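Engineer: Got a structure for you, questions after.
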Amino acid sequence: MPNFFNYNRQELAELLEDLGYQKFRSEQLMRWVYHQQETNFAKMQNIPKIMRSELSKQLTTELPPVQSEKVSSCGTIKWLLGIDAKNAIETVYIPESKRATLCISSQIGCALACQFCATGLTGFLRNLTTAEIISQVFYANKRLEEIYGENNFRKISNVVFMGMGEPLLNEANVFRAVDILLDDLAFGLSKYKVTVSTSGIVPAIERLTENCKAALAISIHSANDQTRNKIVPINQRYPLEKLIKACDNYTEKTKRPITYEYVMLKKINDQKEDAQALAKLLGPRHAKINLIPYNVIKDLKLEASDQTTIQKFKEILNKKGLITTVRKTRGDDISAACGQLYGKVKERNKKIRVNEYQATR
Ligand code: SAH
Ligand code: SF4
């Protein structure tokens with residue numbers, strides 16, 4: 001049975017029309033579900049009774065069940081959502097003084113095996129459907145109201161595709177989910193506050209530029225192809241020159257800056273020369289850099305850069321006129337910080353081909 005959460009506004013109207021209903025019913029259904037959080041068709045009073053009972057046999061609003069909830073000492077919450085008996089994904093809520101961010105997953109596992117990432121260690125099972133992506137935001141909103149009461153918590157203002165998986169290897173479902181996140185009849189978020197983060201899938205960045213309104217973050221992590229080939233192996237297929245060209249095209253066409261994420265790894269990419277190379281690569285651009293302290297993954301041998309090194313690195317970039325911030329680590333006491341999301345992936349260490357690219361560690 002089709003799932004309501006798999007459709008954006010236009011697709012839902014078409015689906016309802018195919019089922020023999022008037023198109024405008026889609027807007028009523030969306031208001032009930034997204035604004036009233038009512039997923040039971042039987043309770044939607046402005047829908048004719050006969051349609052209500054028919055719809056429940058034609059369309060489901062079922063969501064993945066929640067398997068666990070962990071609350072960190074800093075207010076960060078991590079949920080494990082069960083996709084099936086053996087697989088689960090993770091979603092993280094991060095409240096701050098002026099905003100709250102939900103970090104969502106786009107795949108079960110990840111095939112790209114970046115050297116520093118727990119999700120990369122799990123292997124890859126499959127892409128999430130749009131419904132599975134949207135269910136993370138829908139559930140989080142609902143659950144936060146349950147925990148804190150309707151107006152007593154920081155409402156989700158930002159959504160970032162920085163959980164498990166590479167969103168640009170699940171383009172169609174992610175772009176459709178972005179439509180729903182931005183739609184006033186659904187979540188109504190600002191296009192500046194929904195961010196797709198990618199390790200650099202160049203052809204998909206080009207399509208995002210044309211077809212998706214999300215903001216873009218690039219996991220750059222090194223300005224040097226040799227280093228990047230090792231720590232972000234997809235660089236072997238889409239090296240820096242191609243990546244930066246696609247990024248420049250995005251900024252030129254959308255007039256929006258890009259955020260570059262940079263995980264600080266001791267003696268691997270945190271030296272003075274690394275900062276200078278990064279400044280040279282991004283220098284003339286309208287770019288923001290977000291330095292991420294490495295969150296230690298127990299199965300990996302990497303070490304985090306110390307605070308002084310991070311500050312020195314930041315100063316070099318600032319002096320070259322690049323707006324640079326250091327990401328605050330949140331939720332590491334519940335393994336909810338960047339890169340710590342293992343979820344549950346049945347097919348651990350399964351290696352798949354990404355086009356001709358063989359993901360290896
Ligand atoms: N696949 C996408 C989005 C998910 S990862 C991507 O790679 O961009 C989200 C961010 O967390 C990326 O910038 C990633 O490099 C970073 N990350 C991964 N492992 C990390 C770790 N152990 N410590 C800190 N950041 C990490
Ligand atoms: Fe996948 Fe992103 Fe982790 Fe790399 S950092 S393995 S692309 S989730």
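Engineer: What residues have an amide H closer than 5 Å to that of Ser197, excluding those fewer than 5 places away on the same chain, when H is modeled at 1.01 Å from N in the peptide plane?
Structural biologist: Counting only residues 5 or more places away or on other chains, the set is Phe161, Ala217.
Engineer: Determine the gain in length on full extension of the stretch Asp84-Lys230; use 0.36 nm per residue of separation and subtract their C-alpha separation, reporting nm with one decimal.
Structural biologist: Full extension from Asp84 to Lys230 adds 49.2 nm.
Engineer: Straight-line reach from Lys49: which lysines have a Cα under 22 Å away, not including same-chain ones fewer than 8 places off?
Structural biologist: Candidates past the 8-residue exclusion: Lys23, Lys57.
Engineer: Tell me, what ³J(HN,Hα) does each residue in the range 259-268 have, in order and in whole Hz, if you take phi through Karplus 6.51 cos²θ - 1.76 cosθ + 1.60 with θ = phi - 60° and put x for Gly and Pro?
Structural biologist: Calculated HN-Hα couplings, in order: 9, 9, 9, 9, 6, 8, 10, 3, 6, 9 Hz.
Engineer: Shifting gears a bit: On full extension of the chain, what length is gained from Lys242 through Gln37, given 0.36 nm per residue of separation minus the C-alpha to C-alpha distance?
Structural biologist: 69.4 nm
Engineer: Under a 5 Å amide H to amide H cut-off, with H placed in plane at 1.01 Å, what residues pair with Asp270 once short-range neighbours are removed?
Structural biologist: Leu265
Engineer: Still on this structure, I have one more. Karplus couplings for the range 136-144 from phi (6.51 cos²θ - 1.76 cosθ + 1.60, θ = phi - 60°), rounded to Hz, Gly and Pro as x?
Structural biologist: Residue by residue, the range 136-144 yields 5, 6, 4, 5, 4, 4, 5, 5, 5 Hz.
Engineer: Please give the charge dipole size of the range 299-349, origin at the Cα centre, charges +1 on K and R Cβ atoms and -1 on D and E Cβ atoms. Round to the nearest 20 debye.
Structural biologist: Here the size comes out at about 240 debye.
Engineer: Follow-up. In deg cm²/dmol and to the nearest 500, what is the mean residue ellipticity at 222 nm of the chain if only DSSP H runs of at least 4 residues count, each as -39500 (n - 2.57), divided by the residue total?
Structural biologist: Working: 11 runs with 117 residues, N = 361.
Helix-only estimate at 222 nm: -9500 deg cm²/dmol.
Engineer: Using DSSP to define loop residues, name the trypsin sites (Lys or Arg not before Pro) in the range 15-48 whose beta-carbon has at most 13 other beta-carbon atoms within 10 Å.
Structural biologist: When the trypsin sites (Lys or Arg not before Pro) of the range 15-48 are filtered for loop state and at most 13 Cβ neighbours within 10 Å, Lys23 remain.
Engineer: What list do you get for His221, His35 if you sort them by fewest beta carbons within 10 Å?
Structural biologist: Fewest to most other Cβ atoms nearby, the residues stand as His35, His221.
Engineer: Further question: Classify the range 44-94 as rounded, prolate or oblate, taking a ≥ b ≥ c as the square roots of the eigenvalues of its Cα gyration tensor: rounded when a/c is under 1.5, otherwise prolate if a/b is larger than b/c and oblate if not.
Structural biologist: oblate
Engineer: Using the charge dipole of the range 129-169 (Lys, Arg: +1 at Cβ; Asp, Glu: -1 at Cβ; taken about the Cα centre), state which of Phe138, Leu169, Tyr148 has its Cα farthest towards the positive end.
Structural biologist: Result: Tyr148, furthest along the dipole toward the positive end.
Engineer: Taking θ as phi - 60°, what are the ³J(HN,Hα) couplings along the range 335-341 by the Karplus curve (6.51, -1.76, 1.60), each to the nearest whole Hz, with x for Gly and Pro?
Structural biologist: 6, 10, 6, 3, x, 9, 8
Engineer: Another one. What FRET efficiency would be calculated for the residue pair Met1, Asn211, taking the C-beta separation as r and a Förster radius of 30 Å, to the nearest 0.05?
Structural biologist: It comes to 0.60.
Engineer: What percent antiparallel are the DSSP beta bridges of the chain, to the nearest 5?
Structural biologist: On the way: 22 of 47 bridges.
Among the beta bridges of the chain, antiparallel pairing accounts for roughly 45 percent.
Engineer: Can you give the extra length, in nm with one decimal, that the chain gains between Lys267 and Asp183 once fully stretched, where that is 0.36 nm per residue apart less the Cα-Cα distance? Intermediate values should be presented prior to the final figure.
Structural biologist: Details: separation 84, 0.36 × 84 = 30.24 nm, distance 4.44 nm.
Taking Lys267 through Asp183 to full extension adds about 25.8 nm, to one decimal.
Engineer: Let me ask you something else. Taking the Cβ of each residue in Asp274, Asp184, Asp332, Asp299 as the centre, tally the other Cβ atoms inside 10 Å and list the residues starting with the fewest.
Structural biologist: The fewest-first ordering by Cβ neighbours comes to Asp299, Asp184, Asp332, Asp274.
We did not get these values from a lab; they are worked out from the coordinates using the rules stated. Just so you know, these numbers come straight off a predicted model, no measurement behind them. All Cβ positions, even for glycine, are placed from backbone atoms using ideal geometry, and neighbour counts span all protein chains on display.
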